[in-house]
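Undergrad: Provided herewith is a single structure, encoded as structure tokens, for subsequent inquiry.
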């Protein structure tokens, strides 16, 4: 089974977390943390900065790694490095997503997360925001 290496940003602001809804592809309409594939020669942190700039027209500071989520989807294995992040500049413009929401810890389960991202939610729930 093919492994896809991706990164995800858990963007925090005032005790809320930024969630995005996919606007395309096999998992369209599912909720996820923004991010994307790691390109050859990139560190996970570099990939995350690039992906957030491309997807959301925003510059972020990448913080500590929260977890690496390993998840088997039917067609591939996902290896997702997840990092805390904060906005440095930009307005989180949705270029590829259908919708976005700032969620409090109590609201985290109010959207329909993709399975791998749901595993990350469980880890985040153990942490104070």
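Undergrad: From (1) surrounded by 15 or more Cβ atoms within 10 Å (Cβ to Cβ); (2) under 14 Å from the mean Cα position of the chain (by Cα), pick out the condition that doesn't hold for residue 42.
TA: Every condition holds for residue 42 apart from (2).
Undergrad: If you take the residues in the range 2-23 that are assigned to a loop (DSSP other than H, G, I, E, B) and at negative phi, which one is modelled with the highest pLDDT?
TA: 2
Undergrad: Next question, about the same structure. Quick one: would you say residue 17 is surrounded by 15 or more Cβ atoms within 10 Å (Cβ to Cβ), touching a residue at least 24 places away in the same chain (Cβ under 8 Å), touching a helix residue (DSSP H, G or I) at 6+ places or on another chain (Cβ under 8 Å) and farther than 16 Å from residue 118 by Cβ?
TA: no
Undergrad: I've got another one for you. Which of the residues belonging to the range 83-118 are in a helix (DSSP H, G or I) and more than 20 Å from residue 71 (Cβ to Cβ)?
TA: In the first step, residues of the range 83-118 are kept if they are in a helix (DSSP H, G or I); the result is 105-110, 115-118.
Within the range 83-118, 105, 106, 107, 110 qualify.
Undergrad: OK, next. Tell me the residue from 52, 121 that is within 14 Å of the chain's Cα centre (by Cα), at pLDDT 95 or above and either part of a strand (DSSP E or B) or surrounded by 12 or more Cβ atoms within 10 Å (Cβ to Cβ) (or both), please.
TA: Working: 121 fails: at pLDDT 95 or above.
Matching residue, one of 52, 121: 52.
Undergrad: Take the residues in the range 24-38 that are farther than 25 Å from residue 127 by Cα and modelled with pLDDT of 95 or more; name whichever of them is surrounded by the most Cβ atoms within 10 Å (Cβ to Cβ).
TA: Checked the range 24-38; the qualifying residue surrounded by the most Cβ atoms within 10 Å (Cβ to Cβ) is 38.
Undergrad: Please go through the range 78-117 and give me each residue that is free of Cβ contacts under 8 Å to residues at least 12 places away in the same chain and in contact with a strand residue (DSSP E or B) (Cβ under 9 Å, 6 or more places away or on another chain), ordered by number. Working first, answer last.
TA: So the first thing to find is which residues in the range 78-117 are free of Cβ contacts under 8 Å to residues at least 12 places away in the same chain, and the list is 106-107, 110.
Passing the criteria: 107, 110.
Undergrad: Still on this structure, please answer the following. For residue 64, only one of the following conditions fails: (1) touching a strand residue (DSSP E or B) at 6+ places or on another chain (Cβ under 7 Å); (2) part of a helix (DSSP H, G or I); (3) surrounded by fewer than 20 Cβ atoms within 10 Å (Cβ to Cβ). What is its number?
TA: (2)
The values are calculated or read from the model by the stated rules, or taken from the named source; none is laboratory data. Quick caveat: nothing in here was measured; it's all calculated off a predicted structure. Here Cβ is always computed from backbone atoms with ideal geometry, including for glycine, and neighbour counts include all displayed protein chains.
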